Amino acid sequence: MMSLWRALSAEFLKLRRTLALRLAVGAPLLVVLLNFGVAIQRPGAPSSIDPFVGFAQGILTLWTLIVLPFYAALAAALMASIEFQGDNWRHILSLPIERRSIFLAKWIAGVGLLLISSIVLATGICVSTGILRLVAPAWRGLAVPVGKAFRGGILSWSAVTLLFSIQMWISLRWRSFVLGLGFGIAAILLDLVGLGRSGVSQFYPWAMPVWTIALNGSKPFLGFIGLMGAVGVTALACSNLSRREYE
Amino acid sequence: MTDSYAIETRGLSRTFGRQTAVDGLNLLVPRGCIYGFLGPNGAGKTTTIRLLLGLLRPTNGNIRLMGEPIIYGQPNLRSSVGALAETPTLYPHLTGAENLEVTRRMLGLPKTHVAEALEMVGLTADARRLVHSYSLGMRQRLGLALACLAKPSLLILDEPGNGLDPAGTRELRTLLRRFVHEQDATVFLSSHVLSEVEQIADRIGIIHRARLLFQGRLDELKGYERKLRIRVDQCEKTREILKTEGWRISESSEGWISVRISSDTDAVVVNKILVEKGIQVLALQPQQATLEDLFIHLTSPSDKGTAA
């Protein structure tokens, strides 16, 4: 346990000044700003549903469908490339510390980045709706969807941990940055063309985050399945990565 | 196996498919020495180091570092081993101090170790600069600081002088000597730069085509091939006389003949033989072979002899 804590502490230090850390804040803010820009130019509120719920849903859909899976793939590839670029595995794995702790720490740090991005997104939704209440007359008096934003953020985060674990395994197993990222993009495209749209395909890891926040027929249990799946995949990945040789 | 050795391997072998990278290596590195591990490119030096560091699984044989057995995949938590690979493994987006801090945190060392390591390699003033702005020499020094961070009792260095200019190489030698002196440590240094090893190592091992050809003190190796240069008035006649008497002539040029000898007293014997046969001996120069001579002699394709 102590070795895991030490490795985790080192892992957070390694994230300083990295693109992965910057994107944990930048990516969700960009999604919120994009939707905020559209909403502020719209003359009136949509009438079908609570406008703020609709606003939050728009952000969450864009986030979970494309941006979050892409960020998860990119973060995994970036975090692995930190070690591959300077052949740092040779140094790290020769240290007197459990290999499993080293890989597990990397996974926890990555999941931590995704959690930061989800919290930033939820906070961004709340702040932007607060601003809309002040500047858009049609939306005055409506409640800020704090529950919707944070529930959606946390559910999609727990669902995305599974695909992140798969991405992390690929990125740590093979040196190629392009391979990890390319795999993620291909998996997202498969989701977009319909693989994750019906029946059993809701369990397709790249489709799970968006299913957790679906406006009609949201499946919050997918968040739990995502987390459990992530634990299983990570255990397998740590075992595999700990046993392999580093030439 | 005994605890008096910093590194001890028995029958250490490693194959990659059909290719044997290391074959039955019996390394004995006594504690407190600087051991130069020499070999041409592709001889098996780096594979040996990766086996020692637990990055590769041996096909056969076993390893002990500081008396502790090394089992692949299981970290040796008790032994303190520092390592510097050919190119230092650094994070360019972090500062020099942060690079050391990463390893300090992983090993749970006191915070003072970072400042001490930086001071040892003379990088205190540049500690807050990002590593991507460091010169190659500075990176090499930081790599050494990283290897020495835990104040290890064994330091394993793979081609540490690569890419350094002569001043940097000299500085590295000074740092290593100081480290051995101050920490009472053992240094295992692989290199193909013979002059570098000759100036710093107490003991050497020569590996060639995956096998250890020689292992021992540098003066033992030098005694392994000594020469006597003789200047005479009759070169051809002298060659015939010495050959008849059973001496091995290694080379000859105009007026000079080189004979392999095993000790300085051989010079007296050779002189006596030649004078008795009527040869005028104008000069006698006992010569110790350089490490380069010995290395080439041991690793040349025609000479498959082993002195290990």
*Given the conditions (1) in contact (Cβ under 8 Å) with a residue 40 or more places away in the chain; (2) under 30 Å from A:P51 (Cβ atoms), which single one is not true for A:F150?*
(1)
*asked:* Considering only residues that are surrounded by 22 or more Cβ atoms within 10 Å (Cβ to Cβ), touching a Cys at 6+ places or on another chain (Cβ under 9 Å) and in a helix (DSSP H, G or I), which ones fall in segment A:140-168?
replied: A:A149
*Those residues that are within 22 Å of A:L172 (Cβ to Cβ) and either modelled with pLDDT under 90 or surrounded by 23 or more Cβ atoms within 10 Å (Cβ to Cβ) (or both), I need them from segment A:210-233; list them, please.*
A:G226, A:A230
*Checking B:S262 against (1) surrounded by 14 or more Cβ atoms within 10 Å (Cβ to Cβ); (2) in contact with a helix residue (DSSP H, G or I) (Cβ under 8 Å, 6 or more places away or on another chain); (3) hydroxyl-bearing (S, T, Y), the condition it does not meet*: (1)
*Quick one: which strands (runs of 3 or more DSSP E) sit completely within segment B:1-92 and have at least 1 residues that are more than 11 Å from chain A (Cβ to nearest Cβ) and either without any contact (Cβ under 8 Å) to a residue 24 or more places away in the chain or closer than 24 Å to B:G143 by Cβ (or both)?*
B:5-16, B:19-25, B:28-30, B:34-38, B:60-65
_Residues of segment B:95-132 that turn out to be without any contact (Cβ under 8 Å) to a residue 40 or more places away in the chain, within 21 Å of B:L172 (Cβ to Cβ) and polar (S, T, N, Q), as a count_ = 1
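Okay, residues lined up against (1) in a helix (DSSP H, G or I); (2) out of contact with any helix residue (DSSP H, G or I) (no Cβ under 6 Å at 6 or more places or on another chain):
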residue: B:K237; (1), (2): yes, yes
residue: B:E251; (1), (2): no, yes
residue: B:N271; (1), (2): yes, yes
residue: B:A283; (1), (2): no, yes
residue: B:Q287; (1), (2): no, yes
residue: B:L294; (1), (2): yes, no
residue: B:L298; (1), (2): yes, yes
*Looking only at segment A:54-105, and only at residues there that are out of contact with any helix residue (DSSP H, G or I) (no Cβ under 8 Å at 6 or more places or on another chain) and not in a loop (DSSP other than H, G, I, E, B), the one that is nearest to the other protein chains (Cβ to nearest Cβ)*: A:Q85
*So which residues in segment B:254-285 are at pLDDT below 80 and under 11 Å from B:V232 (Cα atoms)?*
B:E254, B:G255
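The values are calculated or read from the model by the stated rules, or taken from the named source; none is laboratory data. Only a predicted model underlies this, so the values are computations on that prediction, with no experimental measurement involved. Positions of Cβ are generated from backbone atoms using ideal geometry, with glycine treated the same way; all protein chains shown enter the neighbour counts.
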